[in-house]
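Structure first, commentary second.
A short reminder: the numbers here are calculations on the coordinates, not readings from a lab. Predicted model, so just to flag it, every value in this text is computed and none were measured. Note: ideal-geometry Cβ built from the backbone for every residue, glycine included; neighbour counts use all protein chains shown.
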Amino acid sequence: MRAELADLLRLLQLERIERDLFRGESRDIGSPQVFGGQVLGQALTAAHHTVEGRRVHSLHAYFLRRGDVNAPIVYEVDRSRDGHSFSSRRVVAIQHGEQIFHMAASFQAEEAGIEHQIAAPDVPPPDALPDLRSVIADHAGSLPPAALRLLKRDTPFEFRPVEPIDYRAPRTEAPVQHVWCRSTEPLPPDEHLHRCLLGYVSDYHLIGTALRPHGLSIASPGLVIASIDHAMWFHRPVRIDDWLLYAMDSPSASGMRALARGSVYSRDGRLVASTAQEGLIRLLPPKA
């Protein structure tokens with residue numbers, strides 16, 4: 001297994017230090033703080049360790065403070081309720097004695113019921129699109145060092161964007177984006193693991209969708225972006241080691257905040273999950 005994916009799987013294997021208390025490590029992926037998807041994935045793992053026979057179907061989380069990549073994170077789980085079909089959990093992530101993140105998650109016993117979904121977008125298949133790594137390599141010579149450090153790092157996932165990305169000179173585009181993604185290698189058939197990894201990867205590209213109408217990219221000078229909150233709903237079983245289409249749009253930006261929404265489809269068109277995120281987008285004045 002590739003080192004990046006194996007390391008991510010280790011990050012999700014939390015140390016249990018008490019009945020409902022867990023500890024996780026962090027990794028520097030090139031951003032100024034702990035990657036939000038890592039904290040979300042670890043918090044979901046902590047909650048899962050307190051539930052039996054039920055799968056997560058929704059979560060709602062807030063990012064409160066920047067996480068320190070050089071220190072462990074402690075996850076405290078509150079067993080809010082165990083009902084006949086549903087279990088509710090609240091998870092608080094603590095670092096240096098302060099809350100950096102909290103999340104509410106709901107788990108459900110498997111039940112059959114009515115079904116419908118909206119159709120998947122008609123986009124080119126992943127095999128017909130360039131890998132994002134090749135796009136980054138083409139732009140590497142003209143990117144600022146901080147952006148290059150973030151973009152050039154190997155990740156546990158492959159990304160193939162449908163819409164062309166130009167980090168150097170982004171054009172003004174509609175606030176819509178489609179990205180195919182999957183893990184770099186096959187994984188065990190563990191539904192909980194695949195949902196945690198989907199939670200991890202769902203933090204990619206959402207805020208970037210809200211930058212498109214303004215001719216900005218994550219490499220734009222003076223740009224500060226951060227996740228404020230994140231919500232997910234899991235509709236159907238998912239395999240993160242097969243291609244998933246992340247279809248995103250951003251209906252609004254105001255007050256230095258932008259809302260982005262996402263729908264995650266399997267390659268055969270099943271809607272497996274939905275996401276929503278509000279992010280901070282702040283443009284700093286140029287330095288003298």
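Annotations for the structure displayed:
- Principal axis dimensions, segment 1-109 - Cα atoms, whole angstrom, descending: 43, 35, 24
- Segment Ala112-Glu163, extension gain: residue separation times 0.36 nm, minus the distance between their alpha carbons: 14.7 nm
- Where labels lie 7 Å past Cα in the beta-carbon direction, separation of Ser80 and Ser252 in nm: 2.4 nm
- The convex hull around the C-alpha trace of segment 80-220, projected and averaged over every direction, spans 12.8 square nanometres.
- Nearest 10 degrees, 0 to 90: helix 191-201 Cα axis against the chain principal axis: 30 degrees
- Nitroxide proxy distance, nm - points 7 Å out along Cα→Cβ at Val176 and Leu283: 2.4 nm
- Over the chain, equivalent-ellipsoid semi-axes from the Cα gyration tensor in Å: 29, 23, 18
- Cβ-placed point charges (K, R +1; D, E -1), dipole of the chain about Cα centre in debye, nearest 20: 660 debye
- With N as its number of residues, segment 129-288 has a Cα radius of gyration that, divided by 2.2 N^0.38 Å, comes to 1.04.
- Beyond 16 Å, the tail of the calculated P(r) for segment 212-277 holds 56 percent of the Cα pairs.
- Expressed per residue, the C-alpha convex hull volume of segment 68-144 stands at 221 Å³.
- In this structure, Ser58 and Leu21 have a Cβ-Cβ separation that, at R0 = 35 Å, corresponds to a calculated FRET efficiency of about 0.90.
- When each of the peptides 265-271, 119-125 is scored by the mean number of other C-beta atoms lying within 10 Å of its residues, the order from highest to lowest reads 265-271, 119-125.
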